[in-house]
1. Could you say whether any residue in the stretch B:294-311 is out of contact with any strand residue (DSSP E or B) (no Cβ under 8 Å at 6 or more places or on another chain) and on the phi > 0 side of the Ramachandran plot?
2. Report, by residue number, each residue of the stretch B:65-85 that is out of contact with any Ser or Thr (no Cβ under 9 Å at 6 or more places or on another chain) and surrounded by fewer than 23 Cβ atoms within 10 Å (Cβ to Cβ).
3. Just to verify a result, which residue in the stretch A:103-118, among those that are facing another protein chain (nearest Cβ under 7 Å) and touching a helix residue (DSSP H, G or I) at 6+ places or on another chain (Cβ under 6 Å), is least open to solvent (accessible area, probe 1.4 Å)?
4. Please work out if B:ASP272 is outside any helix (DSSP H, G or I), surrounded by 15 or more Cβ atoms within 10 Å (Cβ to Cβ) and not hydroxyl-bearing (Ser, Thr, Tyr).
5. Which ones in the stretch A:124-147 are closer than 20 Å to A:LEU113 by Cα, open to solvent by 30 Å² or more (accessible area, probe 1.4 Å) and assigned to a loop (DSSP other than H, G, I, E, B)?
6. Report, by residue number, each residue of the stretch A:96-124 that is under 22 Å from B:ALA260 (Cα atoms) and of a type in the set (Phe, Trp, Tyr).
7. Residues in the stretch B:67-89 that are within 13 Å of chain A (Cβ to nearest Cβ), touching a residue at least 24 places away in the same chain (Cβ under 8 Å) and in a loop (DSSP other than H, G, I, E, B): how many?
8. I need the full set of residues from the stretch A:74-102 which are part of a helix (DSSP H, G or I), of a type in the set (Gly, Ala, Ser) and surrounded by 16 or more Cβ atoms within 10 Å (Cβ to Cβ), in order please.
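The values are calculated or read from the model by the stated rules, or taken from the named source; none is laboratory data. Note that this is a predicted model, so its numbers are computed, not measured. Backbone-built Cβ (ideal geometry, glycine too); neighbour counts: all protein chains shown. Keep in mind that these areas ignore ligands, DNA and RNA; they rest on the heavy atoms of the full protein, side chains included. Shrake-Rupley method; radii C 1.70, N 1.55, O 1.52, S 1.80 Å.
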Amino acid sequence: MRRWLALLVLTVLAASATGCASESEPAPIAAPGLAGTDFDGVTRSLEDLRGQVVVVSVWASWCGPCRDEFPVLNEAVADFGEEGFAVFGVNFRDLPETAEAFIEEQRPDFPSLVDSDGSLSVSWGVSALPQSFLIDREGYIVARLPGAVNREWITGVVAEEVRR
Amino acid sequence: MTSPKSQATATPSTAGSRMRAFPVIAAVLLAIAALLWTAWAEPAPTEAEAVRTVAESMRCPTCIGESVADSTSPIAAAMHDEIARQVADGRSPDAIRTWFAERYGAELLLDPPPQGAGWVLWAVPVVVAGGVAVVLIVRQRPGERRRAVVAGATVVGVAVVISGVAALVGAAPSAVVPDRSHAGAGGQMSSAEALSAAAQQDPGDVGLRVAAGMALAEEGQLGEAAKELAAAVRLSPQDADIAFVMADVLLKDGQTAQAATVLDETLARHPDHASSLLLRGTILWQEGDEEGRRLLERFVELEPDDPFAADVRARLVEEP
């Protein structure tokens with residue numbers, strides 16, 4: 001009886017160990033494709049920025065916190081642009097006129113793709129707005145930030161990747 | 001030469017036991033076959049049903065406690081559109097769920113696949129029950145093993161059922177309590193109130209939102225109607241007909257500028273949407289804008305037999 005019980009316990013423990021091992025930290029994944037047209041009708045692709053550190057920022061004019069991060073992103077472009085850094089915006093499910101008015105007001109120093117049906121954002125796993133992704137020079141997603149980009153994230157996480 | 005003791009446990013009683021077990025085994029096999037036949041014989045779901053089923057099996061990443069099917073968040077709406085695209089492309093529900101799980105994590109799924117530690121939680125009751133069953137059978141004397149096998153199989157079966165029920169209960173999203181505050185003074189709901197209440201219960205249903213909006217508009221509640229229709233437009237931003245209905249309600253509510261914005265955006269995406277051409281063209285015509293003439297002429301060209309076409313033609317001729 002004791003031998004059977006021991007065998008049963010070992011079986012369960014082995015399965016638990018297998019399960020825990022499979023939930024270790026995931027490796028960085030290659031950034032999904034991201035291409036389309038911006039508000040000036042220019043075709044753009046994230047692939048064109050390969051070799052630079054890129055922040056992909058998903059925003060919408062109806063998203064209040066998105067207003068807070070545009071000045072921070074502009075500042076980042078000014079500080080790190082010459083070291084191979086860029087910002088690539090994605091405008092999620094917005095009405096064109098209100099999005100253009102938002103751009104006119106915020107004056108971003110980076111382009112934004114028009115994602116009118118949200119399919120680009122869903123392919124990136126966007127769960128809330130705003131949301132940003134840090135892409136390394138090889139095209140891998142190395143960090144994700146839910147919520148508005150702030151200076152601490154730029155001077156900490158982003159700066160470290162730019163200077164790697 | 002056999003001993004008297006071994007003769008006491010000879011074949012005839014064992015053979016009799018096997019014969020008595022046969023009907024039980026046959027009944028179980030027939031029941032399983034009937035269940036399988038029922039599953040295979042069910043008619044294939046429609047595309048809309050397939051989309052709904054997949055959407056119901058995924059959590060909204062923005063609205064806690066809601067499935068993608070029921071959430072009105074823009075993220076859920078975009079995910080719903082993606083599900084519809086993939087269903088139309090012929091992808092299987094499992095492949096679609098896997099696609100989303102790869103982007104949002106397995107926790108997005110309401111019934112995650114049995115892997116990792118989660119698999120262990122599902123399997124433990126069955127493994128334990130199986131071990132108990134084996135012990136029960138092995139420890140019995142040979143003449144009583146048949147009863148032990150039945151007992152063991154019963155224990156395993158109960159464990160499987162319990163695991164399955166636990167998994168289903170754990171996966172189900174929390175229920176939405178109906179809001180009864182919409183009932184009128186006499187406890188009777190108007191059709192608009194009933195449709196609004198239904199839309200609150202199923203906020204991801206575009207049709208219900210549109211129906212509620214139109215019913216509210218008929219009752220003169222234009223502001224509330226515009227809100228329902230705006231929600232419908234957010235859920236289905238490519239649908240020109242819904243946008244037109246919203247523009248029409250805004251116009252009736254005196255919000256001409258907003259109506260014009262909605263119509264201009266619709267015509268930017270759908271330049272031949274006849275209803276929008278007629279309404280926007282009429283607004284501009286009344287404002288003395290020549291662009292109105294162009295839009296009305298395009299409307300007449302597209303819909304020459306429309307009841308309004310003759311009136312529009314006459315107007316264009318009268319005022320060259």
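1. No, the stretch B:294-311 contains no residue that is out of contact with any strand residue (DSSP E or B) (no Cβ under 8 Å at 6 or more places or on another chain) and on the phi > 0 side of the Ramachandran plot.
2. B:ASP70, B:THR72, B:ALA84 - these are the residues of the stretch B:65-85 that are out of contact with any Ser or Thr (no Cβ under 9 Å at 6 or more places or on another chain) and surrounded by fewer than 23 Cβ atoms within 10 Å (Cβ to Cβ).
3. A:GLY118
4. No, not satisfied.
5. Within the stretch A:124-147, A:SER127, A:ALA128, A:LEU129 qualify.
6. Within the stretch A:96-124, A:PHE102 is the sole residue that qualifies.
7. Going through the stretch B:67-89 one residue at a time, the tally reaches 3.
8. A:ALA76, A:ALA99
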